[in-house]
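Trainee: Okay, here's the structure, questions in a sec.
Every number in this text was worked out from the coordinates using simple rules, so none of it is lab data. Bear in mind that the values here come from a model prediction, so they are computed numbers and not experimental data. Glycine gets a Cβ as well: all are built from the backbone with ideal geometry, and neighbour counts include every protein chain shown.
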Amino acid sequence: MPASTRIALFLCDTPIPTVRATDGDYTDIFNALLRSSLPSNSVTEFSLEPYDVREKMEYPDSIDDYRAIILTGSAASAYENLDWINKLIDYVAKVAKEKPYIKLIGICFGHQIIARAMGKECVPNDGKWEVGVTEVTLTDIGKQLFGAPTINIQQMHRDHVPEVPDSCHLLGSTAIAGNQGIVEFHPGTDPSKASPKDVHVLTLQGHPEFTRRISEAIVEARSSTGVLSKDVVGDFNRRIEWRNDGPGVIGKVIWNVIGVDS
């Protein structure tokens, strides 16, 4: 593993003002996740380099300079027919097909965009919100990669991807969203023996980068405008003290996928 690792962060949105005031923009938030998850025995230096794919539709001059691409979440819906979304899908599809050495990592909206780029649909989930720390029941492959039967992850979505792309495997499920993430391995990999280093594409419907403070701020903002019902907010508050595996477990697996060993 080289001493310095460059990661491209595709910014698909900007955090709400109350989140920006305490935690910064998504570059700051993902930097915090990656820094806190970096294995303690690692001497790896990394740079997280942001590209505003939404407002500026900007992309790297040479994507080959990067070890990985991380796609952030967004308040937008991945099924919208918008120029910036269509361009992002086309770009991701090209990387997925032609750049097996560049890791593709998608978070929430990013998960949905990657699924679309790989041939499946993102659709509204019948108005059902999934919000706050949620236990995800892992598949056998999910258990293999995360080293546990379940993971707890912050959620904030009401769209979902009903089907898994043909070249991918399901990572886990919840009662509200059956597809909580997908993984694609490098060609020739035996899935039953695969490890994070064998992964080309990793997506998560949840938000490993969200802290309790970030989730609380978003829930407060969305409940004040009636976007989130009292029942959803009450359920969020019921689980607010639950363990969050974002940095402790999920972030470390993201580093393992990128190529940094625990």
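Trainee: Quick one: if you stick a label point 7 Å off each Cα along the C-beta vector at ASN41 and ALA175, how many nm between them?
Mentor: Distance between the two pseudo-spin positions: 4.1 nm.
Trainee: Can you tell me which of ASP235, ASP28, ASP126 moves the most in a GNM of the chain? Springs connect C-alpha atoms under 10 Å apart.
Mentor: For the chain, modelled as a Gaussian network with Cα springs under 10 Å, the answer is ASP126.
Trainee: Something else: At a threshold of 8 angstrom on Cα-Cα distance, excluding pairs fewer than six apart, so keeping six or more, what relative contact order does the chain reach in percent?
Mentor: Worked out over the chain, it gives 21 percent.
Trainee: Calculate one ³J(HN,Hα) per residue across region 12-25 by plugging θ = phi - 60° into the Karplus curve 6.51 cos²θ - 1.76 cosθ + 1.60, and present them in order as whole Hz with x for glycine and proline.
Mentor: 9, 5, 10, x, 5, x, 5, 6, 4, 5, 9, 10, x, 8
Trainee: Could you work out Rg/(2.2 N^0.38 Å) for region 14-117, with Rg from alpha carbons only?
Mentor: After normalising by residue count via 2.2 N^0.38 Å, the value is 1.12.
Trainee: Name the long-range amide H neighbours of ARG6: under 5 Å, sequence gap of 5 or more, or other chain; modelled H, no Pro or chain starts.
Mentor: So ARG6 has HN proximity to SER47, ARG67.
Trainee: Based solely on its DSSP helices, what 222 nm [θ] is calculated for the chain when runs of n ≥ 4 H residues each add -39,500 (n - 2.57) and the sum is averaged over all residues, nearest 500 deg cm²/dmol?
Mentor: -9000 deg cm²/dmol
Trainee: How big, in percent, is the set of alpha carbon pairs in the chain lying more than 25 Å apart?
Mentor: Percentage above 25 Å: 39.
Trainee: Once the piece of chain linking LYS97 and ARG213 is laid out straight, how much longer is it, given 0.36 nm per residue of separation minus the C-alpha distance between them?
Mentor: Between LYS97 and ARG213, full extension yields an extra 38.0 nm.
Trainee: Where a ≥ b ≥ c are the square roots of the eigenvalues of the C-alpha gyration tensor, would you call region 113-200 rounded, which needs a/c under 1.5, or, failing that, prolate if a/b is larger than b/c, or oblate?
Mentor: Oblate shape, in that a/c is at least 1.5 and b/c is the bigger or equal ratio.
Trainee: Take the eigenvalues of the Cα gyration tensor for region 21-64, scale each by 5, and report the square roots as semi-axes in whole Å, largest first.
Mentor: 24, 17, 5
Trainee: Still on this structure: Once amide H atoms are placed 1.01 Å from N in the peptide plane, what residues at a sequence separation of 5 or more from CYS108, or on another chain, have their amide H within under 5 Å of its amide H?
Mentor: LEU204, GLN205, GLY206
Trainee: What FRET efficiency would be calculated for the residue pair GLU163, GLU220, taking the C-beta separation as r and a Förster radius of 35 Å, to the nearest 0.05?
Mentor: Rounded to the nearest 0.05, the efficiency is 0.55.
Trainee: Please report, in debye to the nearest 20, how large the charge dipole of region 4-258 is about its Cα centre when each Lys and Arg carries +1 at its beta carbon and each Asp and Glu carries -1 there.
Mentor: 460 debye
Trainee: Which pairs, out of LYS87/LYS193; LYS197/LYS230; LYS120/LYS197, put more than 32 Å between their alpha-carbon atoms?
Mentor: Violating the 32 Å Cα-Cα cut-off are LYS87/LYS193; LYS197/LYS230.
Trainee: Within region 170-262, list the GluC sites (Glu not before Pro) lying in a DSSP loop whose Cβ has at most 15 other Cβ atoms in a 10 Å radius.
Mentor: GLU241
Trainee: Let me ask something else about it. Hey, got a sec? Which GluC sites (Glu not before Pro) in region 1-89 land in a DSSP loop and have at most 15 other Cβ atoms within 10 Å?
Mentor: Hits after loop and neighbour filter: GLU55, GLU58, GLU80.
Trainee: Modelled label-to-label distance, ALA75 and ARG239, 7 Å Cα→beta-carbon offset: nm?
Mentor: 2.3 nm
Trainee: Scan region 3-65 for trypsin sites (Lys or Arg not before Pro) in coil per DSSP, keeping those whose Cβ has at most 12 other Cβ atoms within 10 Å, and list them by number.
Mentor: LYS56
Trainee: How much length, in nm to one decimal, is gained on full extension between THR14 and ALA148, taken as 0.36 nm per residue of separation minus their Cα-Cα distance?
Mentor: Gain on stretching THR14 to ALA148: 45.0 nm.
Trainee: Sticking with this structure for a sec: If you take every DSSP beta bridge whose two residues both sit in the chain, what share of them, in percent to the nearest 5, is antiparallel?
Mentor: If I count the DSSP bridges inside the chain, around 45 percent turn out antiparallel.
Trainee: Read phi for every residue in region 95-111 and hand back ³J(HN,Hα) as whole Hz from Karplus 6.51 cos²θ - 1.76 cosθ + 1.60, θ = phi - 60°, with x for Gly and Pro.
Mentor: Here the 3J(HN,Hα) series is 5, 4, 7, 10, 10, x, 7, 9, 6, 10, 10, x, 10, 6, 3, x, 4 Hz.
Trainee: Moving to a separate point now. Could you pull out every residue, at least 5 positions away or on a different chain, whose amide H is within less than 5 Å of the one on ASP159? Hs are placed 1.01 Å off N in the peptide plane, and Pro or chain starts have none.
Mentor: ASN125
Trainee: Considering the chain as a Gaussian network with a 10 Å cut-off on Cα pairs, which listed residue, SER173, SER62, SER192, attains the greatest mean-square fluctuation?
Mentor: So, out of SER173, SER62, SER192, the one fluctuating most is SER62.
Trainee: In sequence order, what are the phi-derived ³J(HN,Hα) couplings for region 74-91 according to the Karplus relation 6.51 cos²θ - 1.76 cosθ + 1.60 with θ = phi - 60°, rounded to whole Hz, with x for glycine and proline?
Mentor: Calculated HN-Hα couplings, in order: 6, 6, 6, 9, 5, 8, 5, 8, 10, 4, 5, 6, 5, 5, 5, 4, 4, 5 Hz.
Trainee: Expressed as an acute angle from 0 to 90° and rounded to the nearest 10, what is the orientation of the C-alpha long axis of helix 212-224 relative to the principal long axis of the chain?
Mentor: 40 degrees
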